[in-house]
1. Only one of (1) at pLDDT 60 or above; (2) over 25 Å from residue 141 (Cα atoms) is not met by residue 191, so which one is it?
2. If you go through segment 256-287 one residue at a time, how many are part of a helix (DSSP H, G or I), of a type in the set (D, E, K, R) and at pLDDT 80 or above?
3. Can you list residue pairs whose Cβ atoms sit under 6 Å apart, with the first residue in segment 29-54 being touching a residue at least 12 places away in the same chain (Cβ under 8 Å) and the second being part of a loop (DSSP other than H, G, I, E, B)? Count only pairs 6 or more apart in sequence or on different chains.
4. Mind listing just one residue for me: the one in segment 290-319 that is open to solvent by less than 30 Å² (accessible area, probe 1.4 Å) and aliphatic (A, V, I, L, M) and, of those, modelled with the lowest pLDDT?
5. Please go through segment 129-151 and give me each residue that is modelled with pLDDT of 85 or more and of a type outside the set (S, T, N, Q), ordered by number.
6. Which residues, taken from segment 105-132, are open to solvent by less than 30 Å² (accessible area, probe 1.4 Å) and among the small types (Gly, Ala, Ser)?
7. Just to verify a result, which residue in segment 92-104, among those that are assigned to a helix (DSSP H, G or I) and at pLDDT below 85, is farthest from the chain's Cα centre (by Cα)?
8. Any idea which residue in segment 15-41 is most open to solvent (accessible area, probe 1.4 Å), counting only those that are closer than 16 Å to residue 60 by Cα and β-branched (Val, Ile, Thr)?
Amino acid sequence: MSALFKPGTGRMILYAGIAMAAYVLSLELGTFPVFASALVLVAFLIVADLVGKTPGRFLRVFGISLASALILPENWSSLWEAFLGTGLVLLAPSLKNRAKLVRGLGLLMLLHGVSGLPPVGGYSRVFLYTGISLFVAYALSELGIRFFEENALGFGILGGLFGLYASMGGTLLETHPELVFYAEWLILFLGVLIAGNIVYSLVSRTDPEEYLLRLWEEGRPFDPELKAIERAVQEFVIRGRRGPLVAFLAYYGGRLFGTRAEFEELVSRVADYEPEKTSPLTPAWIRRRRERAELARRMRIVEEVLHELEKLLGRGGER
């Protein structure tokens, strides 16, 4: 365990300073909870340094939430729940299992905590309904229902709209009954707009992110014999465009194969590739995971194709 303990002298001085400052402040104010809160926070910060980066990130936020619960005034007490939910949201992307469920629970706790804060006032249902909608969407996506995973943000938006209508509907009905009709149609319009985004995602794809290009450039270098194929491979690996690579294989590779079946089998590895499509309403962290998985899949296909071409080039050199 000592190998994991890397807080450093500066950080330990900071922790001791937090505890001492809280102790002096508690003496001045005549209240012990301030000092107890600082001790809890420092304890969790030290433990977070012990356990490593991923769980440590959660423990730091959990320590902040628990420490804040000891000193927050009663009308701000739900803030500790928001802190804890934030910790779960930050932890979820690094989990291999149940990441979506943890993310949904974190968002529910975060938004439920925010809904209880004084500044929110009469609009607490907006945050509460949004949190419930996101949790349901993530929980169902954890069961393998792709529709909810693809459109989790859309369900959160719809939940927030219903929460807004629930918060304002009664007041509007009493003060401006003529606006209720327009509010209902606004919710319907936005719902149709979100549905349109879902349909649009079935026929469109976004451009690749910069990190995909960086991952590819850090990958396998080309052999001099295969330099001519580099552009076609990049189009396939980065953007999923099969045409240039298939055309190259058809023009140059066909002459190297002994049989037509052997040639068609190699080309089909690229020609039959179909990427997984994502909705514009898919949460960014899920989309990023999918794009990385697709990038790795395309790179494996290219590695296999290049390996076969290299063997054929070697075989051609022996003839």
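The values are calculated or read from the model by the stated rules, or taken from the named source; none is laboratory data. If you're wondering where the values come from, they're calculated on a predicted model, not measured in any experiment. FYI the Cβ positions are ideal-geometry reconstructions off the backbone, even for glycines, and counts take in every protein chain you see. Accessible surface is based on the protein model in full, side chains and every heavy atom, while ligands, DNA and RNA are left aside. Shrake-Rupley method; radii C 1.70, N 1.55, O 1.52, S 1.80 Å.
1. (2)
2. Result for segment 256-287: 1.
3. Between residues of segment 29-54 that are touching a residue at least 12 places away in the same chain (Cβ under 8 Å) and residues that are part of a loop (DSSP other than H, G, I, E, B), the close pairs are 49/7; 50/4; 50/5.
4. Looking at residues that are open to solvent by less than 30 Å² (accessible area, probe 1.4 Å) and aliphatic (A, V, I, L, M), I get 312.
5. Scanning segment 129-151 gives 129, 131, 132, 134, 135, 136, 137, 138, 139, 140, 142, 143.
6. 106, 113, 115, 131 - these are the residues of segment 105-132 that are open to solvent by less than 30 Å² (accessible area, probe 1.4 Å) and among the small types (Gly, Ala, Ser).
7. The qualifying residue farthest from the chain's Cα centre (by Cα) is 94.
8. Selected residue: 18.
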